[in-house]
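The values are calculated or read from the model by the stated rules, or taken from the named source; none is laboratory data. Quick caveat: nothing in here was measured; it's all calculated off a predicted structure. Cβ placement follows ideal geometry from the backbone for every residue including glycine, while neighbour counts extend to all protein chains displayed.
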Amino acid sequence: MDATCVPADIRYPTDLSLLNEAREKTESYIDILYEPLKGVIDKPRSYRRVARAEYLATAKKRKPGKKELRRAIRKQLSYVCRNLKHIERLQGCYTESPLTIAQGQILETIIELYRQQKYMFDNKTHSVENRIVSISQAHVRPIVRGKARTNVEFGAKPAISVIDGFAYLEKLSWDNLGVRMTLTQAVERYRLRHGFYPESIHVDKIYRTRENIRYCHKHGIRISGPKLGRPPKEPDPAARKQAHQDALDRNCSEGKFGEGKRRYGLDLVKEKLQETSETTIMVNLIVMNLAYLYRCLFFFFSKSVFGFCRKIFFLPARRFLPAAA
């Protein structure tokens, strides 16, 4: 068992760029709402040219200072707040808003984004619950991975189990799920599929909690990894050999992730909706399993054909060989 992050196709988010995008979208919504009311009321002022110039003055710098960046965020927050008030006043002039359903959903996302950014700005923090990192894909969440290449990734986090070469999706979440909680669920699904518990489970250290170890011992399952507590002074050669073999067996899950990301498009999911992105991930796992089944069938077919040809063309030749003296 193991888990990974499937990156979504979004721009790397920063607070300033998100607020600038929210400001531009709210300005377009003001234009849509004001168009039927032209000549009836005065158009609200949005100061879009000034706001754009102020954004570019900071965004074009390679490394803006903290004070300058905070000043730019404060200005963009004020522009977004003013635009939201204009949109609320303009919508009061209609019995039915001219905005489409998709535009209304994006507007709700912008309102929540403004609330989160205002909270982080006032409290001088960079973390908030259910943080929005993309206006067009509000379901995407940041996931801290701690990898050498990218410390934070943005996308879904699937947890899979590999049984006899086939990958099973155990859990799929857009939040930073606790993968240690998926072990018992995966084992119970294995028992429902096969009628018995597995002999051993090969996982990394994050799965080796006291609850999971106690659960495995209760059902007679051997879980990979060293025992909890202080290591022994004299290491057991048999235990060391078993740990090495467990690490080799666990590599199949990493291989499945590599296969999916290099050959089947799991390195970048380009779908925009949450449902279509989840469907793409599941279809990729199905195709991976079908490809593995095809390779197995081809291997057995080739082996049987080679054995049949060997019996026909090679074994009868022994009759014409001279007998041994």
Lone unmet requirement of (1) surrounded by 10 or more Cβ atoms within 10 Å (Cβ to Cβ); (2) at pLDDT below 90; (3) over 20 Å from the mean Cα position of the chain (by Cα) for Gly265 = (3)
Of those in the stretch 33-50 that are surrounded by 13 or more Cβ atoms within 10 Å (Cβ to Cβ) and among the basic types (Lys, Arg), the residue nearest to the chain's Cα centre (by Cα) is Arg48
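Quick check on the stretch 229-248. Is at least one of its residues basic (Lys, Arg), in contact with a strand residue (DSSP E or B) (Cβ under 6 Å, 6 or more places away or on another chain), without any contact (Cβ under 8 Å) to a residue 40 or more places away in the chain and not in a helix (DSSP H, G or I)?
no
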When Ser97 is evaluated against the numbered criteria (1) surrounded by 15 or more Cβ atoms within 10 Å (Cβ to Cβ); (2) modelled with pLDDT of 90 or more, which criterion, by number, is the only one it fails?
-> (2)
Working carefully through the options Gly225, Gly260, find the one that is among the small types (Gly, Ala, Ser), outside any helix (DSSP H, G or I) and buried (at least 16 other Cβ atoms within 10 Å of the Cβ).
-> Gly225
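Restricting to the stretch 82-92, count the residues that are surrounded by 14 or more Cβ atoms within 10 Å (Cβ to Cβ) and not aliphatic (A, V, I, L, M).
4
Yes/no per residue for (1) more than 26 Å from Met181 (Cβ to Cβ); (2) not small (Gly, Ala, Ser):
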position	(1), (2)
Arg222	no, yes
Gly229	no, no
Lys233	yes, yes
Ala238	yes, no
Asp267	yes, yes
Glu271	yes, yes
Ser277	no, no
Ile281	no, yes
Could you check, for the stretch 130-144, whether at least one of its residues is polar (S, T, N, Q), closer than 20 Å to Asp267 by Cβ and in the same structural domain as Asp249 (by TED's automatic domain parsing)?
-> no
